[in-house]
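First comes the structure, then the notes that go with it.
Each reported figure results from applying straightforward, stated rules to the coordinates on display, with no laboratory input. Bear in mind that the values here come from a model prediction, so they are computed numbers and not experimental data. In this analysis, Cβ positions are derived from the backbone assuming ideal geometry, glycine residues included, and neighbour counts consider all displayed protein chains.
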Amino acid sequence: MAITRLTNLINPEVIADFVDAKLVDNMVFAPLATVDYTLEGRAGDTLKFPVWRYIGDASTLSEASTLSVATLVASSASVTVHKIAQGVELTDEAVLSGLGDPVGEAVSQITLALASGIDNEMLATMTSDVASTMTYQTSASTVAPADTDITDALELFGEDIDGTKAVIVPPAVYTKMRKTGKDNGNWIPASELSAEIAIKGAVGEYQGCQVIVSNKLKTSGNIFIVKPNALRLIMKRGAQVETDRDILKFSNVITGSVHFATYVYNASGLILIKKHA
């Protein structure tokens, strides 16, 4: 007769594959960032990336005149690799006699914890590295901004105001958007958005921005407007799941960890709307 052992129930390789597959799906900000896996396995805890300056608009030349060529200038942005981790300890009794699926629940919660940890770091990066010229302050210290605040903030994109963009808001702002937007026609529910253009996690569209709700903005009251290619998420090492057996306590520890870095790749594609003090 075949014997079911704990090693059959807790397979770190299988769990790691599951966590890796579901990690990005559980992030709120990941759909707004370009996820890069090319640096996995490289040495070093500080990564440098090129940031190119625009060479300037083309100029008009008269006949036989000489073109003054521009200098292509690149600076570099340095980002530090972060490690986040979470773990759970399960006794043999919990695994073999517990209601439901304790191992599956532990893995799901570790996945959610890692995703939330990456979201926290991305939010911190967006807050600290947004350009001062792309920061807008609301006209009044209210729970939710006025309709004109988002309209005026979008002006910071200049002539690049068109195209796909997302606005990340706390729940209170989302509620106001639905109420006022329904009356003035600025709100489009998610059910009416085209599947081809909808950003994953979008709950609707407001003033041309696909709306994403995040509880992480409750405290600050900040709002972000993000265009594609503005953010980068560099995965230095994907999810690594490890298990360890405590033979004295008859329990198994399951841990998950991720090494990653985040940075603002295109500062002109990120707007911060700050609540008036």
Problem set entry | Whether the stretch 144-277 is rounded, prolate or oblate, judged on the alpha carbon gyration tensor where a/c under 1.5 counts as rounded | prolate
Exercise. Two-decimal Rg/Rh of the stretch 203-263 from alpha-carbon positions, Kirkwood Rh?
Worked result: 1.22
Exercise. What are the lysines whose alpha-carbon lies under 26 Å from the alpha-carbon of Lys274, with same-chain residues fewer than 8 places away excluded?
Worked result: Lys165, Lys176, Lys179, Lys182, Lys200, Lys216, Lys218, Lys227
For this session: Would you kindly calculate the translational diffusion coefficient of the chain, applying Stokes-Einstein with the Kirkwood radius from alpha carbon pairs, for 10 °C and a viscosity of 1.306 mPa s, and quote it in µm² s⁻¹ without decimals?
Result: 73
Exercise. Just how large is the dipole of the chain about the Cα centre, in debye to the nearest 20, putting +1 at every Lys and Arg Cβ and -1 at every Asp and Glu Cβ?
Worked result: 480
Exercise. Out of the stretch 154-251, which GluC sites (Glu not before Pro) are coil in DSSP terms and have no more than 15 other C-beta atoms within 10 Å?
Worked result: Glu196
Exercise. For Ala64 and Ser191 in the same chain, what is the full-extension length gain: residue separation times 0.36 nm, less their Cα-Cα distance, in nm?
Worked result: 39.8 nm
Exercise. In what sequence, highest mean first, do 243-254, 263-274, 29-40, 59-70 appear when ranked by Cβ atoms within 10 angstrom?
Worked result: 263-274, 29-40, 243-254, 59-70
